[in-house]
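Chemist: Got a structure for you, questions after.
What follows draws every value from the coordinates through simple rules; no lab data is involved. Treat the numbers as computed from the prediction; the structure is a model and nothing was measured. Don't worry about glycine lacking a Cβ; one is built from the backbone with ideal geometry, like all the others, and counts go over all protein chains shown.
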Amino acid sequence: MILVDSSVWIDYFNGAKTSQTDWLDFSLGNAPLIAGDLILTEVLLGFNNDKDFSIARDLLLSVQFEPMGGQQIALESAMNYRFLKRKGVTVRKTIDVIIGTFCIHNQLALLHADRDFDPMVKFLGLETIDT
């Protein structure tokens with residue numbers, strides 16, 4: 001199972017041609033992808049046009065959906081953030097710590113285009129998709 005981060009979905013919907021968006025385009029319908037509630041929110045709040053919003057919503061809802069929060073993930077995210085801070089790393093966005101922790105907790109690979117996940121790979125064992 002592969003969780004696709006909002007950084008990749010946003011590039012995909014904006015028509016950016018990257019190794020991650022190419023991988024996503026090929027994998028839609030061919031790989032077990034997951035969209036979580038946090039990802040759904042982050043991606044969809046960026047649309048101004050109703051038609052584009054509907055297209056993106058429908059595509060995101062066509063892949064497996066998983067809620068990403070809860071008490072356990074919240075606690076683990078806080079512990080991971082504190083651990084990284086002790087290593088001298090400050091993750092810029094709290095939501096990225098939650099997403100990374102969700103993947104680690106559920107043994108999911110992450111497809112992303114966001115440097116905030118790099119220390120989670122190095123120090124916490126986050127698995128990512130190499131593109």
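Chemist: Let me check against my output: what whole-number percent is the relative contact order of the chain, with C-alpha pairs under 8 Å and at least 6 apart?
Modeler: Here the relative contact order equals 31 percent.
Chemist: In sequence order, what are the phi-derived ³J(HN,Hα) couplings for the range 124-131 according to the Karplus relation 6.51 cos²θ - 1.76 cosθ + 1.60 with θ = phi - 60°, rounded to whole Hz, with x for glycine and proline?
Modeler: 10, x, 4, 8, 10, 8, 7, 10
Chemist: Here's a follow-up. What are the extents of the Cα atoms of the chain along their three principal axes, in Å, largest first?
Modeler: Over the chain, Cα extents along the principal axes are 44, 29, 24 Å.
Chemist: In a Gaussian network model over the chain where Cα atoms closer than 10 Å are linked, find which of T90, T101, T21 has the largest mean-square fluctuation.
Modeler: T90
Chemist: Also, I was wondering about something else. How far is it, in nm, from the label point at V89 to the one at Q64 when both lie 7 Å from their Cα along the line to the Cβ?
Modeler: Going from the V89 label point to the Q64 one covers 2.6 nm.
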